[in-house]
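All remarks here apply to the structure that follows.
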Amino acid sequence: MTKPRTDLPDSAAAPSPADPVTGHANAVVGLQWGDEGKGKIIDLLTPNYDAIVRYNGGANAGHSVQFAGKRFALHLLPSGILHPGVLAIIANGLVVDPFALVKELDTLNQQNIDTSGLILSDRAHLVLPYHQTQDALREQLLTKDDTGRAIGTTKRGIGPAYAEKANRSSAIRAGDLLRPDTLRERLEHACRFHNTLHALDPDTTPHDPETIFRSLQPIAERLRPHITDTTYLLHQLLRDNKRILFEGANATLLDIDHGTFPFVTSSSTTALGIPSGAGIPGKHITDILGIAKAYSTRVGAGPFPTELHDDTAHTIRERGREYGTTTGRPRRCGWLDLVALRYSTMINAADALSIMLLDVLSGLPELKLCIAYEFNNQRIDRFLPDATDLARATPIYETLPGFSEDITSARTPDDLPANARAYLQRIEHFTGTPIRFVSVGPDREQTIDMQRA
Ligand code: GDP
Ligand code: IMO
Ligand code: MG
């Protein structure tokens, strides 16, 4: 069973804006189409922080952490939950499936992981079964349509839950779990609306508000001690000289505004999403670490200029175990797109990069980097965030020699072959951003700190 931490600042007291912010807030964000290895890096950095905070998305995320031969997959809980004593905060910007959250807690508790550090914002919106029905139904209709409009979502109900939030009147937030009358009334309203919509498909069974209400009661009791106003809490932590790390979910090119729209997720996935997703002003956020693979992957539909369909794609997929952490779907694989990476670095104002899965490229005779696109018979060097445009862009490559050495045991920059170092230097030079970490395997230990040369 999870019992909440009792040593938190008094939630009834409001921090005064006059009190100085002596703590600091940093962020880790994905720079590509997700699954860059954010979970691994968050886990590595967690010992330097008092709180790890998710600010966007929901259970569409799948963050893997591996150490001492054990492997964990986190979907809603911040990856810092694996470290005892650290607060794991789910802020207001998420859409939370309460059933999935409790299941995740149970799984970790069975593995003797202490989850007492969980704190859930009373303002986080809930994903409920009718959102998942709508997500699946929508995808099914779009696929049948065969117009290439299906997004290939994770079917976790993310889009419909954010739409409910935007619609307001039938939306249910975590705090409503503790207000039975409001909860019942909102469920009735929401089910009426969703059942009408779902009647489009005769195979869909209508959702019964009373059944959902009853199934939520034990969940509400379980989560009750963890639910609070996380905005005040985070501001208090910053005034108490604490260190906060924001954990981005999904990634920059899936951002609702800045990604390859409409083939994106429904939240603000970049560092720009932190202020609204957690209530912490941008001026308090320093040191943003951008995570990117040494190549590119994408799950679901949407343009991917450097995608490969040959043996190299197969090699990358099998070596990198490129199958979704959340859905198990094979990930689409391709060369590193430096134009896209430079764009993501700009959007997030990333101070440094972490280049992941470099080990996967070992043995490839040559490595290609996309350094510009051909678009409308012209060479362009800017990213095209609109999916229609990006689908018509052809990559222009620069080719570097590959490396054949097994680098999974490399622990310092000098352990890397010269060709691998040259590849990394090209990334730094093109993006104008220094590389802080290089990852050469899934384990915590398989990491090179480039600044500790
Ligand atoms: P996230 O969503 O950004 O946290 O990334 P995922 O966990 O979904 O996917 C990254 C996958 O790559 C996971 O299976 C990790 O265990 C694995 N991984 C992370 N870094 C490395 C690395 O440097 N080399 C290899 N081979 N695997 C890695
Ligand atoms: P992490 O945090 C990879 C993709 C889905 C789909 C699109 C919309 O593990 O990096 P959604 O269910 O959000 O409506 O799906 O976004 N997607 C991800 N792909 N990693 C993720 O998260 C993703 N979250 C969403 O595959 O194409
Ligand atoms: Mg993932």
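The values are calculated or read from the model by the stated rules, or taken from the named source; none is laboratory data. Because the structure is predicted, anything quoted here is derived from the model rather than measured. FYI the Cβ positions are ideal-geometry reconstructions off the backbone, even for glycines, and counts take in every protein chain you see. Ligands, DNA and RNA are excluded from the accessible area calculation, which covers all protein heavy atoms including side chains. Shrake-Rupley method; radii C 1.70, N 1.55, O 1.52, S 1.80 Å.
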For residue 429, what accessible area in Å² do you get when you roll a 1.4 Å probe over the heavy atoms of the protein chains, rounding to the nearest 10? 140
Plugging the Kirkwood radius over Cα pairs into Stokes-Einstein for the stretch 293-449, at a temperature of 4 °C and a viscosity of 1.567 mPa s, what D comes out in µm²/s? 80
How large is the dipole of the chain about the Cα centre if only Lys and Arg carry +1 and Asp and Glu carry -1, each at its Cβ, rounded to the nearest 20 debye? 400
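Helix-derived [θ] at 222 nm for the chain: sum -39500 (n - 2.57) over DSSP H runs of at least 4, divide by residue count, nearest 500?
The helix-only estimate for the chain comes to -9000 deg cm²/dmol at 222 nm.
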Give the angle, between 0 and 90 degrees and rounded to the nearest 10, that separates the Cα long axis of helix 129-145 from the longest principal axis of the Cα atoms of the chain. 50
Once amide H atoms are built 1.01 Å from N in the peptide plane, which residues 5 or more positions from residue 89, or in another chain, come under 5 Å H to H? 52, 53, 54, 119
Could you look at the stretch 283-382 and say what percent of its accessible area is carbon and sulfur, using a 1.4 Å probe and all protein chains? 45
List, largest first, the extents of the alpha carbons of the chain along their principal axes, each in whole Å. 65, 54, 42
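Please label the shape of the stretch 205-325 as rounded, prolate or oblate, based on the square roots a ≥ b ≥ c of the eigenvalues of the alpha-carbon gyration tensor (a/c under 1.5 means rounded; beyond that, a/b larger than b/c means prolate, else oblate).
Oblate.
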Using the alpha-carbon centroid of each, what span in Å lies between the stretch 413-430 and the stretch 224-302? 29
Tell me which residues come under 5 Å, amide H to amide H, from residue 227 once H is placed; ignore anything under 5 positions away on its chain. 120
Probe 1.4 Å, all chains present, heavy atoms only: residue 399 accessible area in Å², nearest 10, is 70
Nearest 10 degrees is fine. How inclined is helix 98-110 to the longest principal axis of the chain, computing both from alpha carbons? 70
Roll a 1.4 Å probe over the protein heavy atoms and report the accessible area of residue 346 in Å², nearest 10. 130
Give me the accessible area per residue for the stretch 236-340, probe 1.4 Å, as a whole number in Å². 34
Just the number, please: percent antiparallel of the DSSP beta bridges in the chain, rounded to the nearest 5. 40
How far apart, in nm, are the 7 Å Cα→Cβ label points at residue 19 and residue 429? 5.0
Explain nothing, just compute: Karplus ³J(HN,Hα) = 6.51 cos²θ - 1.76 cosθ + 1.60, θ = phi - 60°, for every residue of the stretch 399-410 in order, whole Hz, x for Gly and Pro. 10, 10, x, x, 10, 10, 5, 6, 10, 5, 9, 5
Report, in whole Å, the centroid distance computed from the Cα atoms of the stretch 347-382 and the stretch 148-213. 40
Residues of the stretch 126-221: accessible area per residue with a 1.4 Å probe, Å²: 53
Report the gain in length on full extension from residue 7 to residue 415: 0.36 nm times residue separation, minus Cα-Cα distance, nm rounded to one decimal. 142.5 nm
Compute the long axis of helix 180-198 from its Cα atoms, compare it with the longest principal axis of the Cα atoms of the chain, and write down the angle in degrees, 0 to 90, nearest 10. 60
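In square nanometres, what is the average projected area of the Cα convex hull of the stretch 126-221?
Result: 6.3 nm².
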Say each of residue 199 and residue 143 gets a label point 7 Å from the Cα, pointing the same way as Cα to Cβ; how far apart are those two points in nm? 2.6
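Would you rank 96, 299 by solvent-accessible area, highest first, keeping every protein chain in place and using a 1.4 Å probe?
Listed by decreasing accessible area, they come as 299, 96.
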For a quick check of your reading of the filter: which trypsin sites (Lys or Arg not before Pro) in the stretch 205-267 sit in a DSSP loop and have no more than 13 other Cβ atoms within 10 Å? none
Taking a virtual spin label 7 Å from the Cα of residue 224 along the C-beta vector, which residues in the stretch 158-191 bring their backbone nitrogen under 19 Å of it? 173-185
What pairs from 40/70; 293/368; 70/103; 40/283 go past 23 Å between their alpha carbons? 40/283
What residues qualify as long-range amide H neighbours of residue 293, i.e. H under 5 Å apart, gap of 5 or more or another chain, H built at 1.01 Å from N? 356
